[in-house]
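To start, the structure itself, in structure tokens.
The values are calculated or read from the model by the stated rules, or taken from the named source; none is laboratory data. Not measured: the values here are computed from a predicted model. A quick note on method: Cβ atoms are made from the backbone with ideal geometry, for glycine too, and the neighbour counts reach across all protein chains shown.
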Amino acid sequence: MKVRNILGISGGKDSAALAIYLKQKYPNLKIEYYNSDTGCELAETELLIDRLSAYLGNIKRLRAAEDSPEPTPFEHFLKAAGGFLPSPQARWCTKKMKLDEFERYVGDDYAVSYVGIRGDEDRDGYVSSKPNIQSVFPFRRNIWSVDVINKFLHKENQEQIIDIYDKLCPEGLMKEDLMDVLKKPITKQFYYSKKLNALLDIDVKMFNHAVFEYLKTTDYPVGHLDSFPLIDNDEVLVKEDIFRLLRDSGVGVPSYYEEIPFEVDGKTGTYCRSRSGCYFCFFQQKIEWIWLYEQHPDLYEKAMSFEKDGYTWIQNESLADLIKPERIRQVKLDIIKRQETNKNKNKGTSLAELFGDEYVCANCFI
Ligand code: SF4
């Protein structure tokens, strides 16, 4: 059975680095790269996609509502939503512009979707509701998605998993340790993630081989493969590795990450855009909106034009109010203060470090 290998390029650093990593490490793995073209990305993101395209070969651009008379897919769906702006609670933008298009692109084919969540992050990425699409996370120690792990470790499958390990693992101390862990039931004290980590602590590759054997008894896409090279890889990649891959490959770090200095009341701070995504993304922080206003005033104005009938991008504050001089001053002073505090604690002071990566969605920003 044909199983497709698919990797979504969001325009963020992690998916770009994953594409580079897999191409370097597994040159024979035939991967289809795609990007969801919202028509609303920054020029810096488009540049990264162009460079990556030159490095990888080809990136398919998926564009929702292609036949619409509206200038961008976003404007098409905004009109259909009656001007109701998306928000963290009502995120129709990701679904309409990205997930639906992706699932349409895959259709009913079996597919492995590679997701660039890093080894130093504690979150899960998109897991498709469609059983023919399986997500795999090559940068993490545990490369499998949560649904696979829950089935693999479920008490109903305990005998089967013990049997798989028994066949895979040579006699010896390691096998004894593994059997101890495998026979221990899941309880409130010894829950799924603890059992998972106990098995990974003993041997990551052995764990991957056991999961692969288990998947062969299921309808998961990976289970339909004759071999899966990632099961013999126990590398874990963290943020520094991502930047190194981007620089060493010549693709480069997206320029929206470049910290630009600013000055208020004689004090200096820096700002940038901390992640990829639509220029008007409601996940961005106020200082990022101000970065947009000062670095891309045309896009800020465009974002302002979508604020109508009481709908605003930021809760309780319109973009018109945010750029009043006193408000800009306040926001910048607040960031300077946070950057100074972090500096005194010897912590990172870039915006990505101040805000963290955790609170945003994995689909748009990886
Ligand atoms: S980047 Fe933000 S606005 Fe754009 S689709 Fe993703 S969540 Fe929505």
>> Residues that are surrounded by 17 or more Cβ atoms within 10 Å (Cβ to Cβ) and within 16 Å of the ligand (Cβ to nearest atom), at least 2 per element: which strands (runs of 3 or more DSSP E) completely within region 1-81 meet that?
In response: 31-36
>> Which of the numbered conditions does Asp334 fail, given that it passes all the others? Conditions: (1) over 26 Å from Lys79 (Cα atoms); (2) surrounded by fewer than 12 Cβ atoms within 10 Å (Cβ to Cβ).
In response: (2)
> Is there a residue being more than 28 Å from Gln89 (Cα to Cα) and touching a Phe, Trp or Tyr at 6+ places or on another chain (Cβ under 8 Å) anywhere in region 275-290?
Replying inline: no
> (1) more than 16 Å from the ligand (Cβ to nearest atom); (2) of a type outside the set (Phe, Trp, Tyr); (3) surrounded by fewer than 16 Cβ atoms within 10 Å (Cβ to Cβ); (4) outside any helix (DSSP H, G or I): which one isn't true of Arg104, the others all being true?
Replying inline: (4)
> How many residues are near the ligand (Cβ under 10 Å from one of its atoms) and either of a type in the set (Val, Ile, Thr) or exposed (fewer than 14 other Cβ atoms within 10 Å of the Cβ) (or both) if we restrict to region 82-94?
Replying inline: 2
> Would region 108-122 turn up any residue that is among the aromatic types (Phe, Trp, Tyr) and more than 15 Å from the ligand (Cβ to nearest atom)?
Replying inline: yes
> Do we have any residue at all in region 314-333 that's assigned to a helix (DSSP H, G or I), among the hydroxyl-bearing types (Ser, Thr, Tyr), at pLDDT 70 or above and away from the ligand (no atom under 16 Å from the Cβ)?
Replying inline: no
> Taking region 291-320 as the region of interest, how many residues are more than 27 Å from Ser255 (Cβ to Cβ) and surrounded by 13 or more Cβ atoms within 10 Å (Cβ to Cβ)?
Replying inline: 5
>> Six or more apart or on different chains, Cβ atoms under 6 Å: show the pairs whose first residue is in region 9-38 and touching a residue at least 24 places away in the same chain (Cβ under 8 Å) and whose second is in a loop (DSSP other than H, G, I, E, B) and surrounded by fewer than 21 Cβ atoms within 10 Å (Cβ to Cβ).
In response: Asp37/Arg63
> All but one of (1) surrounded by 22 or more Cβ atoms within 10 Å (Cβ to Cβ); (2) farther than 19 Å from Tyr114 by Cβ; (3) within 16 Å of the ligand (Cβ to nearest atom); (4) touching a residue at least 60 places away in the same chain (Cβ under 8 Å) hold for Phe282; which doesn't?
Replying inline: (1)
> Cβ-Cβ below 6 Å, separation at least six or inter-chain, first residue in region 71-95 and not assigned by TED's automatic domain parsing to the domain that holds Ile314, second surrounded by fewer than 16 Cβ atoms within 10 Å (Cβ to Cβ) and not in a loop (DSSP other than H, G, I, E, B): which pairs?
Replying inline: Pro86/Trp92
>> Tell me the residue from Ser255, Ser249, Ser276 that is of a type in the set (S, T, N, Q) and at pLDDT 95 or above, please.
In response: Ser249
> Which number in (1) on the phi > 0 side of the Ramachandran plot; (2) away from the ligand (no atom under 16 Å from the Cβ) marks the one condition that Thr270 misses?
Replying inline: (1)
> Quick one: Leu237 ticks every box in (1) surrounded by fewer than 17 Cβ atoms within 10 Å (Cβ to Cβ); (2) among the hydrophobic types (A, V, I, L, M, F, W, C); (3) in the same structural domain as Lys25 (by TED's automatic domain parsing) bar one, so which box is it?
Replying inline: (1)
